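Asks: Just dropping this structure here.
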Amino acid sequence: MSKTVLNVKTDKEVKREAVKVAGEIGIPLSTVVNAFLKEFVRERKITFFADSLTRPNIAAMLKKASADYRKGKNISSIFSSPQKISSFLKR
């Protein structure tokens, strides 16, 4: 298999941290990049992960709603028409 050079611009701090982490697990950064590229070609998709940026008050509301759902509390029926939704909400 022939090799080529890939020039990619990235933030200096990101590169420094990536080199550090790759070194900690004993592989060169080029191996990490090649693994990601091979996965991208094979899967034809990119998956991004991000920490939750939900505001604390929204997170609390979601947590309460999730707990209510698990308890079967505050759950409506499935509606077959907009009129039935309207009628349900007017009660």
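Asks: Students often forget the sequence filter, so: which lysines lie under 29 Å Cα-Cα from LYS38 once same-chain residues fewer than 8 apart are removed?
Replies: LYS3, LYS9, LYS12, LYS15, LYS20
Asks: I've got another one for you. Identify, among GLY26, GLN83, PHE40, the residue whose Cα sits farthest towards the positive end of the charge dipole of the chain, taking +1 on the Cβ of Lys and Arg and -1 on the Cβ of Asp and Glu, with the dipole about the Cα centre.
Replies: Final value for the positive-end residue is GLN83.
Asks: While we're looking at this one, here's another question. Rg and Dmax in Å for the chain, alpha carbons only: what are they?
Replies: Cα-based Rg and Dmax for the chain come out at 24.4, 71 Å.
Asks: Helix-only mean residue ellipticity at 222 nm, the chain, DSSP H runs n ≥ 4 weighted -39,500 (n - 2.57), per residue, nearest 500. What is it? Don't skip to the answer; put the middle values down first.
Replies: Numbers: 4 runs with 52 residues, N = 91.
Estimated from H runs of four or more residues: -18000 deg cm²/dmol.
Asks: Report the extension gain between ALA35 and MET1 in nm, rounded to one decimal, defined as 0.36 nm multiplied by the number of residues separating them, less their alpha carbon distance.
Replies: Details: separation 34, 0.36 × 34 = 12.24 nm, distance 1.54 nm.
Here the segment from ALA35 to MET1 would lengthen by 10.7 nm.
We did not get these values from a lab; they are worked out from the coordinates using the rules stated. Keep in mind it's a predicted model, so treat the numbers as computed, not measured. Quick reminder, even Gly has a Cβ in these numbers, built from the backbone with ideal geometry, and neighbours come from all protein chains shown.
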